[in-house]
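*Asks:* Would you mind keeping the following structure in view while I ask a few things?
The values are calculated or read from the model by the stated rules, or taken from the named source; none is laboratory data. Small disclaimer: the values here were computed from a predicted structure and weren't measured. Heads up, the Cβs are rebuilt from the backbone with ideal geometry, glycines too, and the neighbour counts pull from every protein chain shown. Just so you know, the surface numbers come from the protein's heavy atoms only, side chains and all, with ligands and any DNA or RNA stripped out. Shrake-Rupley method; radii C 1.70, N 1.55, O 1.52, S 1.80 Å.
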Amino acid sequence: MEVVIRPDADDAARTAAGIVHRALAEGAGTLGLATGPSLLGVYRDLVRRHREEGLSFTGVDAFLLDDYVGIPAGHPQSCAEVIRRELTDHIDLDPARLHRPRGTASDPAAEARRFEQHLTETGPVGVQLLGIGGNGHIGFNEPGSSLASRTRLKTLTDDTRRDNARFFRGIDAVPRHVITQGLATIGEASHLVLIATGPHKAGAVAAAVEGPVTAACPASVLQLHRHVTVVVDELAASRLELHAYYRCVARHKPVGQRY
Ligand code: F6R
């Protein structure tokens, strides 16, 4: 795992977008997408790179991590809609290649199995972008999620519903259920890139990166993956005990070693 500390959120977003850019330029055919404000700067920079630097998403398959169950298709806060609005409407990704768990399916548990199967057949994902919840979730794998979990129907914690209430008309409007890729599903991706910014993420980042591997902090499962880059700003890095070492690694990166 490499922890990359950037001065601010914009710089962190550019770093994560740069990793995606390089992977696609080198022929990666699949990309994993997360939602949440943490990712918006990354998507803005990917759109900029598409417009200004010739980054192309032609032939790329993109997979969403998760979506809410119980809100109508086209709801402005559905993960699929956020990704369409913030990213895919502005790039050359074929809409038919944007794959997502359909939260509107009449049988969400069966939909989760369908999505997992589809991902298995089309994947693995090359670069998977991740955000992290204040409680350590990735995707919508809440604390207590099995480290071996696959895509499934999941119940959100009230903490997460409270966090996300700002995007809905209050907490009562936030769905209780989601379909999310499991922790083991996420772990199939070749390269995991987690981005976290702001002081409210500092505790979760420290637990995920330096705490024990435990279902109590789902993101701690990243410690078991062979290729993880955690991109944080100074504020999100503020509770990392080994921060001096991470900075030392950055200063003395061996020539040619990449993220
Ligand atoms: C949603 C997802 C979540 C978010 C995480 C951070 O698709 O994957 O894990 O990335 O909750 O969200 P924000 O950016 O709202 O803090």
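*Asks:* Report whether or not Thr151 is open to solvent by 40 Å² or more (accessible area, probe 1.4 Å) and either modelled with pLDDT of 95 or more or within 11 Å of the ligand (Cβ to nearest atom) (or both).
*Replies:* no
*Asks:* Say we look at region 72-96 and pick out the residues that are aliphatic (A, V, I, L, M) and modelled with pLDDT of 95 or more; which of these is farthest from the ligand (Cβ to nearest atom)?
*Replies:* Ala96
*Asks:* Here's another thing I want to ask about it. What number goes with the only condition from (1) farther than 30 Å from Thr58 by Cβ; (2) out of contact with any helix residue (DSSP H, G or I) (no Cβ under 6 Å at 6 or more places or on another chain) that Gly123 does not pass?
*Replies:* Gly123 satisfies all of (1) farther than 30 Å from Thr58 by Cβ; (2) out of contact with any helix residue (DSSP H, G or I) (no Cβ under 6 Å at 6 or more places or on another chain) except (1).
*Asks:* Could you tell me which residue of region 56-113 is most open to solvent (accessible area, probe 1.4 Å), considering only residues that are over 24 Å from His137 (Cα atoms) and β-branched (Val, Ile, Thr)?
*Replies:* It comes out as Thr58.
*Asks:* Exactly one of these conditions fails for Tyr259: (1) in contact with an Asp or Glu (Cβ under 7 Å, 6 or more places away or on another chain); (2) at pLDDT 95 or above. Give me its number.
*Replies:* Only one criterion in (1) in contact with an Asp or Glu (Cβ under 7 Å, 6 or more places away or on another chain); (2) at pLDDT 95 or above is unmet by Tyr259, namely (2).
*Asks:* Restricting to region 118-135, what's the tally of residues that are β-branched (Val, Ile, Thr) and surrounded by fewer than 18 Cβ atoms within 10 Å (Cβ to Cβ)?
*Replies:* Number of matching residues: 2.
*Asks:* Scan region 18-54 residue by residue and report those that are buried (at least 20 other Cβ atoms within 10 Å of the Cβ) and over 19 Å from the mean Cα position of the chain (by Cα).
*Replies:* Arg49
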